[in-house]
Amino acid sequence: MRVFTQRLSATPRGARLARHLAAHQLHDWGLPHGSATSETVASVVAELAANAVTHGRVPGRDFELRLSLVTGGVRIEVTDTRSGPPRPPGPGDVRPPGVLDEHGRGLLLVDALADRWEVLDREPPGKTVRAEIDVPHSSRPGTLQVRPGVWSACTDTDHAPPRPSAPGAGS
């Protein structure tokens, strides 16, 4: 499994840098700039990094970006030093943002773009928001090998089972 980890300042500049580093790292791993996967991962990283800077910031503490190539996709983890929200939205938990609201869309975007995501508490106080983006079979670099029924190198308790592919889906 390939892994990229970077600590970044909990500032708007650090959040922007996280997005650029993610796109560059994916390109180095064989998922080119401008591809659907690269754009999706960059968007999710941007939202999670912005949340870490805006809501998870503790003065003097950095946040961490971790990208991993896992079987079948890309895992994104953003860790900050504040416990508590965000929590994945449940039915009726999220009020849709108003047309003129400047905030409130980040987790809705993550929920729409990521194939899976969750929030993990960590010790000492803090949290990690983990999201996974499936990579279409035709876009996978040669190093990603997929076996039927296997999603990632993690334990079964870490992830939901893989979604079955549609009949006739190209592979």
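The values are calculated or read from the model by the stated rules, or taken from the named source; none is laboratory data. Source: prediction; values computed, not measured. Quick reminder, even Gly has a Cβ in these numbers, built from the backbone with ideal geometry, and neighbours come from all protein chains shown.
So which of Arg66, Arg13, Arg19 is more than 18 Å from Asp111 (Cβ to Cβ), surrounded by fewer than 19 Cβ atoms within 10 Å (Cβ to Cβ), within 14 Å of the chain's Cα centre (by Cα) and not hydrophobic (A, V, I, L, M, F, W, C)?
Residue meeting the stated conditions: Arg66.
Scanning segment 130-155 for residues that are under 19 Å from Thr79 (Cβ atoms) and out of contact with any Asp or Glu (no Cβ under 7 Å at 6 or more places or on another chain), which turns out modelled with the highest pLDDT?
Step one: list which residues in segment 130-155 are under 19 Å from Thr79 (Cβ atoms), which gives 130-133, 152, 154.
Filter again for out of contact with any Asp or Glu (no Cβ under 7 Å at 6 or more places or on another chain), leaving 131, 152, 154.
Working: Ala131: 96, Ser152: 33, Cys154: 33.
Per the stated criteria, the residue is Ala131.
What are the residues in segment 57-111 that are of a type in the set (Gly, Ala, Ser), within 24 Å of Val3 (Cα to Cα) and either part of a strand (DSSP E or B) or modelled with pLDDT under 80 (or both), if any?
Ser68, Gly73, listed by residue number.
Restricting attention to segment 22-38, which residues are small (Gly, Ala, Ser) and either surrounded by fewer than 14 Cβ atoms within 10 Å (Cβ to Cβ) or not in a loop (DSSP other than H, G, I, E, B) (or both)?
Hits for segment 22-38 are Ala22, Ala23, Gly34, Ala36, Ser38.
Kindly indicate the residue of segment 1-36 that is touching a Gly at 6+ places or on another chain (Cβ under 8 Å) and either touching a residue at least 60 places away in the same chain (Cβ under 8 Å) or among the β-branched types (Val, Ile, Thr) (or both) and also farthest from Leu120 (Cα to Cα) among those meeting that condition. Write out each step before concluding.
Kept after step one, since they are touching a Gly at 6+ places or on another chain (Cβ under 8 Å), are these residues of segment 1-36: 8, 10, 30.
Subsequent filtering for residues that are either touching a residue at least 60 places away in the same chain (Cβ under 8 Å) or among the β-branched types (Val, Ile, Thr) (or both) retains 10, 30.
Numbers: Ala10: 19, Gly30: 29 Å.
Ranking the qualifying residues of segment 1-36, first place goes to Gly30.
Criterion first (surrounded by 14 or more Cβ atoms within 10 Å (Cβ to Cβ), in contact with a Lys or Arg (Cβ under 9 Å, 6 or more places away or on another chain) and in a helix (DSSP H, G or I)) does Ser43 satisfy it?
Details: surrounded by 14 or more Cβ atoms within 10 Å (Cβ to Cβ): yes; in contact with a Lys or Arg (Cβ under 9 Å, 6 or more places away or on another chain): yes; in a helix (DSSP H, G or I): yes.
Yes: the conditions hold for Ser43.
Which one of these does Gly56 not meet: (1) farther than 29 Å from Leu31 by Cα; (2) buried (at least 24 other Cβ atoms within 10 Å of the Cβ); (3) free of Cβ contacts under 8 Å to residues at least 60 places away in the same chain?
(3)
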